[in-house]
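Below is one structure; the comments refer to it alone.
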Amino acid sequence: MERASVGIRKILIDDLEILLELMLQRPPMLMIDKLLESDDKITKTNFFIRETCIFSHEDVLTEPGLIENIAQTGAVRIGYHASMQNKKIPLGFIGAITNLNIYFLPAVNTELESTIFIEYNIYNASIIKAKVENEGRIACECEMKIFISED
């Protein structure tokens, strides 16, 4: 995959209809606006926190919203890579969340940039490390085990 030049943001997908084809989540649960990057090891997404977000409360995104955003970054990665191989998009399930650190709750009307790093792919499971950034600061970090259904 070609990398973007410094200072230029490369967006793989910013069309809502295409994102919805890659994931099961639907509004109001949708927590991703753009797929910025995705290769064998890293996936990055973007989400603008609206006041109407189901996970916002008292002008901030709540803890479950941060975790859901990470999970959906994993889901869109699975869907994107399946679609690139002309395969059916499988279901993914969170098996475990470990080493969760939430440093602050991002304000509404700001953007999240979420990155997942693939640590291991073993059979139908992925072990990922994730971080969510907001305005240049890390808001949340964790590790997740994601299991993928086999039809």
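The values are calculated or read from the model by the stated rules, or taken from the named source; none is laboratory data. From a predicted model like this one, the values you see are computed outputs, not experimental measurements. Don't worry about glycine lacking a Cβ; one is built from the backbone with ideal geometry, like all the others, and counts go over all protein chains shown.
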Exercise for the section: Check whether at least one residue in the stretch 3-19 is under 20 Å from residue 138 (Cα atoms) and buried (at least 21 other Cβ atoms within 10 Å of the Cβ), and report yes or no. Expected result: no
Handout entry: Options 71, 82: the member that is within 20 Å of residue 149 (Cα to Cα) and modelled with pLDDT under 95
Key = 82
Exercise for the section: Just name the residue that is surrounded by the most Cβ atoms within 10 Å (Cβ to Cβ) out of those in the stretch 32-47 that are part of a strand (DSSP E or B) and out of contact with any Leu (no Cβ under 7 Å at 6 or more places or on another chain). Expected result: 43
Exercise for the section: Inspect all residues belonging to the stretch 112-130 and state whether any of them is of a type outside the set (S, T, N, Q), modelled with pLDDT of 95 or more, over 12 Å from residue 66 (Cα atoms) and touching a Ser or Thr at 6+ places or on another chain (Cβ under 7 Å). Expected result: yes
Practice task
Looking only at the stretch 114-151, count how many residues are surrounded by fewer than 18 Cβ atoms within 10 Å (Cβ to Cβ), closer than 18 Å to residue 47 by Cα and of a type in the set (A, V, I, L, M).
Solution key: 1
Practice task
Among the residues of the stretch 54-73, count how many are buried (at least 19 other Cβ atoms within 10 Å of the Cβ) and among the β-branched types (Val, Ile, Thr).
Solution key: 3
Handout entry: Segments classed as strands (runs of 3 or more DSSP E), wholly inside the stretch 58-151, with at least 2 members that are among the hydroxyl-bearing types (Ser, Thr, Tyr)
Key = 111-122
Exercise for the section: Filter the stretch 98-113 down to residues that are surrounded by fewer than 16 Cβ atoms within 10 Å (Cβ to Cβ) and farther than 20 Å from residue 41 by Cβ, then give me how many there are. Expected result: 9
